[in-house]
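**Student:** Quick one: structure below, then a few questions.
The values are calculated or read from the model by the stated rules, or taken from the named source; none is laboratory data. Note that this is a predicted model, so its numbers are computed, not measured. No Cβ is skipped: glycine too gets one built from the backbone with ideal geometry, and neighbour counts run over all protein chains shown. Heads up: the accessible areas ignore ligands, DNA and RNA and are worked out on the full protein's heavy atoms, side chains in. Shrake-Rupley method; radii C 1.70, N 1.55, O 1.52, S 1.80 Å.
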Amino acid sequence: MQVVTTVAEMHRLRSQMTGSVGLVPTMGYLHEGHLSLVHRARADNEHVVASIFVNPTQFGPQEDYQRYPRDPERDLRLLEQEGTDVVFMPGVEEMYPQGFDTWVEVGESLTGRLEGASRPGHLRGVTTVVAKLFNVVQAQRAYFGQKDGQQLAVIRRMAADLHMDVEVVAVPTVREPDGLAMSSRNTYLSPEERKASLVLWKALCLARGHWENGERDASRLRQEMTSLIEREPFATIDYVSIANPETLEELAEIAAPALVSLAVRIGGTRLIDNTILGG
Ligand code: AMP
């Protein structure tokens, strides 16, 4: 496995690769969720390139950029075990050198809601860095987790609108045995908060249960989920949404498929999760 820190070196290695390349962009502090993306990329492609870059432009000024967990040595060990060929691990100055001033931004109808409404500028930071990674690595396929459902919809839109020659592949969410979606931010949770964090999964299961019993009224389902979460003292709801998975428009009636997504603060930690009904 080769570890490269510059765009020039990545381009050089890329030019030597024949056959398809799968790209797995990450911010590091890897868990089984990330590794399932690598695993899928390994199965689909001749070469796998993973990137590790904690992207400052997708964090708001009051967010956790500085304290975002980092463990590059462990990450490299895990990536090597999964059969990664190249790890692109640039510094901030390499990705955003002096004078950098170009942004890639998907329109408001996809980015003005959900994560975009709660975290201004976040999705613009994501699309900008992902567009840059696409240019640097020039992969045939790029792998993203379904866990970040809106991010996936926004990246698909960007790739289509800008004629990017890359297939965006969605990979199912990997969960802890009790249902909590794996996330690097789970390490912030105290033992009590860790227990409380299960409320996200419980709310998604509640929605699925009602839907399987024939409930199609989205506002009733949002209300049921909201009441359940509000009974958890550590939890503060940011949003509970039932939307079209592609357009992200809120639904009145659940005509499948529907993206049920939520963002909930557990103590000081903001967690997101989602499920697709009828997908
Ligand atoms: P991050 O390092 O949080 O930026 O995530 C890098 C990629 O891993 C993104 O495409 C995420 O959607 C994906 N990912 C994060 N957590 C999970 C999970 N629990 N299951 C599947 N994919 C995930």
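**Student:** What ranking, highest mean first, results for peptides 166-174, 19-27 when packing means the other Cβ atoms within 10 Å averaged over each residue? Intermediate values should be presented prior to the final figure.
**Tutor:** Values: 166-174: 17.4, 19-27: 22.3.
Per-residue Cβ counts within 10 Å, averaged per peptide and sorted highest first, yield 19-27, 166-174.
**Student:** Between Tyr239 and Arg216, how many nm apart are label points set 7 Å from Cα along the C-beta direction?
**Tutor:** Using points 7 Å along Cα→Cβ, the separation is 2.5 nm.
**Student:** Determine the share of the chain's accessible area contributed by carbon and sulfur atoms, expressed in whole percent, with a 1.4 angstrom probe. Working shown, then result.
**Tutor:** Details: 6360 of 13150 Å².
Accessible surface attributable to carbon and sulfur in the chain totals 48 percent.
**Student:** Next question. Can you work out the accessible area per residue across the chain, with the rest of the protein chains kept in place, probe 1.4 Å, in square angstrom?
**Tutor:** Numbers: 13150 Å² over 279 residues.
Heavy-atom SASA per residue in the chain reads 47 Å².
**Student:** OK, next. Under the 0.36 nm per residue contour assumption, what length would be gained going from the current alpha-carbon distance of Ala252 and Cys205 to full extension?
**Tutor:** Residue separation times 0.36 nm, minus the Cα-Cα distance, leaves 15.0 nm.
**Student:** Here is a further query. Collect residues whose amide H, placed 1.01 Å from N in the peptide plane, falls under 5 Å from the amide H of Gly60; neighbours closer than 5 in sequence don't count.
**Tutor:** Placed amide hydrogens put nothing under 5 Å from Gly60.
**Student:** Please compute the contact order of the chain in relative form: average sequence separation of alpha-carbon pairs under 8 Å and at least six residues apart, divided by the residue count, as a percent. Walk me through the intermediate numbers first.
**Tutor:** On the way: 492 pairs, mean separation 48.1, N = 279.
Relative contact order here is 17 percent.
**Student:** Give me the one-decimal nm value for the distance between modelled label points at Thr226 and Arg175, 7 Å along each residue's Cα-to-Cβ direction.
**Tutor:** Rounded to a tenth, the inter-label distance reads 2.4 nm.
**Student:** Straight-line reach from Lys147: which lysines fall under 19 Å, measuring Cα to Cα and dropping same-chain residues less than 8 apart?
**Tutor:** Lys147 reaches Lys202.
**Student:** Another question about this same structure. How much net charge surrounds Gly28 when only other residues with a Cβ under 10 Å from its Cβ are counted (Lys, Arg +1; Asp, Glu -1)? Intermediate results must be reported in sequence, preceding the final value.
**Tutor:** Values: positive: Arg70, Arg74; negative: Asp71, Asp75.
Charge balance in the 10 Å sphere: 0.
**Student:** What order do Leu162, Leu221, Leu251 take when sorted by accessible area (1.4 Å probe), most exposed first?
**Tutor:** Values: Leu162 95, Leu221 0, Leu251 35 Å².
Final ranking, largest accessible area leading: Leu162, Leu251, Leu221.
**Student:** Can I ask one more? Can you compute the modelled spin-label distance between Thr18 and Leu162, with each label point 7 Å from Cα toward Cβ, in nm?
**Tutor:** 3.1 nm
**Student:** May I pose another question? Nearest 500 deg cm²/dmol is fine: what mean residue ellipticity at 222 nm does the chain get from its DSSP H runs of n ≥ 4 alone, each adding -39,500 (n - 2.57), divided by its residue count? Please list the in-between numbers first.
**Tutor:** Working: 11 runs with 107 residues, N = 279.
So the helix-based figure for the chain works out to -11000 deg cm²/dmol.
**Student:** In addition: Taking the Cα centroid of region 194-247 and of region 27-59, what is the distance between the two, rounded to the nearest whole Å?
**Tutor:** Cα centroid to Cα centroid, the span is 29 Å.
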